[in-house]
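Asks: This structure is in structure tokens; I'll ask about it shortly.
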Amino acid sequence: METIDLVADVRTRVRAWRSAGERVAFVPTMGNLHAGHLTLIGEARARAPRVVASIFVNPMQFAPTEDLDTYPRTLECDRERLREAGCDLLFAPRVAAMYPRGSEEQTRVEVPGHLSEILCGERRPGHFRGVATVVCKLFNIVQPDVALFGEKDFQQLAVVRRMVEDLAMPVEIVGVPTVRESDGLAMSSRNGYLSPEERAQAPALYHALAAARRSLLEGVGVETVERTAAGTLRDAGLEPDYVSVRVADTLLPPSESDQDLVVLAAAYLGRARLIDNLRVRLGSDAALQQTLL
């Protein structure tokens, strides 16, 4: 596996693959890789003969009060894990390579507010502007045929899909199901912030979402489901940021006729802000789904 930190060198390498008629799959990350990231690499490998990953801790998506300086950076370990997973090229640029004029002077990409300024976007103003900008730039550098993202970051995936559609980017976006620990906790680089005691509490987020999904399938109203889930999190020692039931495709609040839903939640536990979600399909197959929960 090659590691490259310059934009021009990435373009040269990808151009050679394309000249040979090879498709390119891309997995953008911020590093500190876990099994969820490696699942994305495996899915990418199944879709294209060439796989590119990026590791870039993007300053544009961190607020001044957030953990940019302390975000775990484990490049050497990440490089080895990517090599073992079958990645062909790692793009690991410095900030100056991505934002040569500085991030404050960078041209920015805005996705409509009903996707980017709700939920995590409301709690983290400007976060999804930073995400859309860096993903747009990475797509322009790598020019992949397909890019893969984890569904744990459900709102991020929706923002990226909308950006690609609106800007007519020739990139197929693939969402990959959340990879979980054996107790249900969604894998995340920020799980490393949890103390042993907090780690034992953390699966409460998944269990609250699973209970919310069961309640929706049983016909319980959305507001009651959201309120109950938030209370469950508090009782478990987490501080809920939000619990929200939304239409899966649009992230709008659901009407009575909407059947394809998602329950999204974020909660604080010590230093960590945990996020997770579960899809819910109402309608004629709801009883069958409930038996599978």
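The values are calculated or read from the model by the stated rules, or taken from the named source; none is laboratory data. Since the model is a prediction, treat every value here as computed from it, not as a measurement. Here the Cβ positions follow ideal geometry from the backbone for every residue, glycine too, while neighbour counts run over all protein chains shown. Each accessible area value is taken on the protein alone, full model and side chains, heavy atoms only, with ligands, DNA and RNA left out. Shrake-Rupley method; radii C 1.70, N 1.55, O 1.52, S 1.80 Å.
Asks: Please go through the range 32-52 and pick out each residue that is surrounded by fewer than 22 Cβ atoms within 10 Å (Cβ to Cβ) and farther than 15 Å from residue 178 by Cα.
Replies: If the condition is that a residue be surrounded by fewer than 22 Cβ atoms within 10 Å (Cβ to Cβ) and farther than 15 Å from residue 178 by Cα, then 32, 45, 46, 47, 48, 49 are the ones that fit.
Asks: Check whether at least one residue in the range 130-149 is at pLDDT 95 or above and farther than 23 Å from residue 51 by Cα, and report yes or no.
Replies: yes
Asks: Also: Just to be sure, is residue 99 surrounded by 13 or more Cβ atoms within 10 Å (Cβ to Cβ), of a type in the set (Phe, Trp, Tyr) and more than 20 Å from residue 139 (Cα to Cα)?
Replies: Taking the combined requirement at face value, the residue does not satisfy it.
Asks: Now, a different point. When you look at residue 184, is it within 16 Å of the chain's Cα centre (by Cα), of a type outside the set (S, T, N, Q) and at pLDDT 95 or above, yes or no? Please lay out each step first, then the result.
Replies: Working: within 16 Å of the chain's Cα centre (by Cα): no; of a type outside the set (S, T, N, Q): yes; at pLDDT 95 or above: yes.
Spelling it out, it is not the case that residue 184 is within 16 Å of the chain's Cα centre (by Cα), of a type outside the set (S, T, N, Q) and at pLDDT 95 or above.
Asks: Which condition breaks for residue 96 when tested against (1) under 17 Å from residue 61 (Cα atoms); (2) in contact (Cβ under 8 Å) with a residue 40 or more places away in the chain?
Replies: Looking at each condition in turn, residue 96 falls short on (2).
Asks: Moving on to the next point. Output the number of residues of the range 166-181 satisfying the condition of being of a type outside the set (Gly, Ala, Ser) and more than 18 Å from the chain's Cα centre (by Cα).
Replies: As a first pass, look at the range 166-181 and keep what is of a type outside the set (Gly, Ala, Ser): 166-167, 169-174, 176-181.
Next, only the ones that are more than 18 Å from the chain's Cα centre (by Cα) stay: 166-167, 169-170.
Residues in the range 166-181 being of a type outside the set (Gly, Ala, Ser) and more than 18 Å from the chain's Cα centre (by Cα): 4 in total.
Asks: A further question follows. For the range 12-31, which residues satisfy the criterion of being in contact (Cβ under 8 Å) with a residue 60 or more places away in the chain and buried (at least 20 other Cβ atoms within 10 Å of the Cβ)?
Replies: 14, 24, 25, 26, 27, 28, 31, listed by residue number.
Asks: Has the range 151-158 got at least one residue that is polar (S, T, N, Q) and closer than 23 Å to residue 45 by Cβ?
Replies: Yes, the conditions are met somewhere in the range 151-158.
Asks: Give all pairs with beta carbons closer than 7 Å in which a residue from the range 134-157 that is over 26 Å from residue 186 (Cα atoms) and in contact (Cβ under 8 Å) with a residue 12 or more places away in the chain meets a residue that is open to solvent by 20 Å² or more (accessible area, probe 1.4 Å) and assigned to a helix (DSSP H, G or I); count only pairs at least 6 apart in sequence or on separate chains.
Replies: 141/7; 141/11
Asks: Sticking with this structure for a sec: Filter the range 116-157 down to residues that are over 23 Å from residue 59 (Cβ atoms) and either part of a helix (DSSP H, G or I) or in contact with an Asp or Glu (Cβ under 8 Å, 6 or more places away or on another chain) (or both) and give me whichever is most open to solvent (accessible area, probe 1.4 Å).
Replies: Here the answer is 145.
Asks: Residues that are surrounded by fewer than 16 Cβ atoms within 10 Å (Cβ to Cβ) and basic (Lys, Arg): which strands (runs of 3 or more DSSP E) entirely in the range 184-293 hold 1 or more of them?
Replies: 272-281
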